[in-house]
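Structure, as structure tokens:
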Amino acid sequence: MKKPYLLTLAVFGLSLAGYLALSQYTLPEGPGKDLVLAKCQTCHDIGFVARESLSRERWDAILSEMVMRGLQVTPEERAVILDYLATYLGTEPSPAPAQIASPKTGAQVYANCQGCHGPQGEGNPPAFPPLKGHVENLLKARGGREYLLLAVLHGLQGEIQISGQKYAGVMPGFAWLSDEELALVLNYLAAWGAPQGFKPFTPDEVEAARAKPLGPEEVLKIRKELPLP
Amino acid sequence: MEKVNRRTTLKLMGMGAALLVTGGRSLAQQAPTADQLVKGKNPKLIVLSQRPIVLETPYDLLASNPERTSKEILYIRNNVDLPGYNTVEGTSLDGWQVEVGGLVDKPFTFEAKELLSLPQHEVTMVLQCSGNGRSLYQPRTSGNPWKRGGVGNVTFRGIRLKDLLSARGVKLGDKAYFITAHASRQGNAPEFVRSVPIQALENALLALSMNGEPLPAVHGGPVRLVFPGYFEVNNVKWVEKIEFTEAENTTAEQMPRYRVPAIPNTHLPFLPQEPGKTYPYGFQNSRPNWLVTLNSFIFAPLEGQTVEGPYVRIEGVAFNDGIVPIVSVEVSTNGGRTWHQAELERKEKSFGWVRWRATVYLRPGEREVMARAWDAAGRSQPIDGNIAWNERGYEYSGVMRVKFTVA
């Protein structure tokens, strides 16, 4: 009796939350969405992309312009991105968003990160530092756990040094992800290595961190004040 | 190094999944307001983009400050965000260096501080994003959906670039046809470069202050290269290099961005592009958004307002590129069939906007008013702004219409 009730409630809550999130901050579900996020968000607020509705021809022209400005995409990726944009952000009403049937896993949320940090968290110097190994060191250092959350939530801009290598990329904040998704991805990173007694990140912790919006430069300032590796 | 074992991993991931199912209550996040993004801005500004920062002035705020647009409400269209510069406070001149080179006999570098010892010059001008009014084009064009609030009237104070050149005894080369300015790239900021025709040197200003206060960091402080009469994109913020060049710069901000279609070698105001289609932008078949297009705005009554009749005061501003004076503003209350002359505040050449007003007789009911400006070069505004449709939605100058109620 109680179980189906809870399940219905959970599904309802999830759809409502999904609807709210979709209508405000992120893109409609569909094949290629994660690739679009990974490729566009470094430079653009995602709302900028999400509110466009243009013909395939004009999206194509915009992609050409972005390539000219330095966007790195393979021809295959470009085709997927164009299909997604023309279908879901085109001039026709977009198809109903695909149902988010099962809860996301940290690995799925990590798709947002791998465009820059690599599928295995290997990094891509000199712009994008490795995560595998480095996150573990961060979590072991004083203030590292809090810093990691802030960097993922609000982004990071400016030069940092990791194991003797300088990194000077720009990381966008991922505040548009839900508290749950952020907790998932942070725990996914921690699963690559974390100190003994590591307490998993919780959505409440993410929610609390949102209370004070920070700029990517302010996160850098916080980083510099901490003894972080 | 203590690794988390597989079981812990699974536990962590499972816990996350469970949290996702039970949570979800805070998925709709609070978007930051303008004052959270840029210190000192009015929180009512409309956030069009958080990265880079793009803020639009709500039209009623613009209209209620018809003399001067203060730094608190002035719109922002940044292509580049310099780390630490998101504030309306000024920023230190110390150590800010600007390089002057290209086709000059003696290239030099000056310190922003040195400018304080040269004669200062002041200009009041319209600062307008070339995408202002973009959302009025049909079908919709790409880019930030500006309504009409991507504009302001501000006073810059600084040193004329030509005065600086002559103080240094610098001569331009014969082929110096363009002024090309580069914004600072500090904090790993992306490249931002714009070129304007050499004629712009006549009024070019190295601005250090705006509206009598230090130039706000977010608006280009400490030094901004300002070209009165030109669209905002040409007024390079945080300038760190000025070159005199034979050709337009070839970076993305000069082509294909910030251009409209044009028939090569003609002086036609614009070549209409078929609405909804793409255009093969090239240096020959398009021109940059340089000179501000003639335009007028109605500041009162505002859309949807109820006003006392039957005599209704219509007010607004008009502006152009400052090359010739605005000679007339007309107001129509019957959809453009007949027009009344409005009274102009002044009829001199001006880079700033000119205020105008008219009193019309209107019976009670739903009414619509239109305004149209003319300048001494015979230029005016299209009744249907869409005839200048271009795929990026630049330079909208269609006649403004306002619907309101007469009580």
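The values are calculated or read from the model by the stated rules, or taken from the named source; none is laboratory data. Quantities reported herein were computed from a predicted structural model and do not represent experimental measurements. Please note: Cβ atoms are built from the backbone with ideal geometry, for glycine as well, and neighbour counts cover all protein chains shown. All accessible areas refer to the heavy atoms of the entire protein, side chains included, with ligands and DNA or RNA removed. Shrake-Rupley method; radii C 1.70, N 1.55, O 1.52, S 1.80 Å.
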* To do: Report, to the nearest whole %, how much of the accessible area of segment B:99-194 belongs to carbon and sulfur atoms, 1.4 Å probe, protein only.
  => 50 percent
* **Percent of Cα-Cα distances greater than 20 Å, calculated over segment A:104-195** => 28 percent
* Structure fact -> Set A:K212/B:K237; A:K224/B:K41; A:K166/B:K241; A:K221/B:K237; A:K39/B:K403; A:K39/B:K277, cut-off 31 Å on Cα-Cα distance; pairs above it are A:K39/B:K403
* **Occluded residues from segment B:156-196, i.e. those whose accessible area drops by 50 Å² or more once the chain is not alone (1.4 Å probe)** => B:N188
* Structure fact -> If amide H atoms are modeled at 1.01 Å from N in the peptide plane, then the residues at a separation of 5 or more from B:L208, or on another chain, having amide H under 5 Å from its own are B:R157, B:G158, B:I159
* Structure fact -> Listed by chain and number, the aspartates and glutamates with an alpha carbon less than 19 angstrom from that of B:K106, same-chain partners under 8 positions apart left out, are B:E114, B:D163, B:D174, B:E240, B:E243, B:E246
* Tell me, what are the semi-axes, in whole angstrom and largest first, of the equivalent ellipsoid of the protein assembly as shown as set by the roots of 5 times the Cα gyration tensor eigenvalues? -> 46, 31, 23
* Asked: If you take the accessible area of B alone, add that of A alone, and subtract the area of the pair, what total do you get in Å², probe 1.4 Å, to the nearest 100?
  -> 4600 Å²
* Please list the radius of gyration and Dmax for segment A:177-229, considering alpha-carbon atoms only, with Å as the unit. => 12.6, 31
* Asked: When every alpha-carbon pair in chain B is counted, what percent end up more than 25 Å apart?
  -> 61 percent
* To do: Quick one: what are the phi-derived ³J(HN,Hα) couplings along segment B:43-50, Karplus 6.51/-1.76/1.60 with θ = phi - 60°, whole Hz, x for glycine and proline?
  => x, 7, 4, 8, 7, 8, 7, 8
* Asked: Given C-alpha coordinates of segment B:62-124, what is the ratio Rg to Rh with the Kirkwood estimate of Rh?
  -> 1.05
* To do: Straight distance only, please: which aspartates and glutamates reach the Cα of B:K44 with their own Cα at less than 19 Å, same-chain residues fewer than 8 apart left out?
  => B:D35, B:E56, B:D60, B:E72, B:E89, B:E303
* **Dimensions (Å) - segment A:72-229, Cα atoms, principal axes, largest first** => 52, 33, 28
* **Sulfur and carbon atoms: percent of accessible area, chain A [1.4 Å]** => 61 percent
* Calculate the radius of gyration of the Cα atoms of segment B:267-407 to one decimal place, then report Dmax, the largest Cα-Cα distance, as a whole number, both in Å. => 16.7, 54
* Asked: Tell me, which residues of segment A:34-67 get at least 40 Å² less accessible area when the other protein chains come in, versus the chain alone (1.4 Å probe)?
  -> A:D45, A:F48, A:R51, A:E52, A:E57, A:R58, A:E65
* Asked: Considering only DSSP beta bridges whose two residues both sit in the protein assembly as shown, what percent are antiparallel, to the nearest 5?
  -> 90 percent
* For peptide A:175-188, how many partner chain Cβ atoms fall within 10 Å of a residue's Cβ, on average? -> 5
* **Karplus-derived HN-Hα couplings along segment A:217-226 (A = 6.51, B = -1.76, C = 1.60, θ = phi - 60°), whole Hz, x at Gly and Pro** => 6, 5, 5, 4, 4, 4, 4, 5, 7, 9
* Would you mind getting the accessible area per residue of the protein assembly as shown, heavy atoms of the protein chains only, 1.4 Å probe, in Å²? => 44 Å²
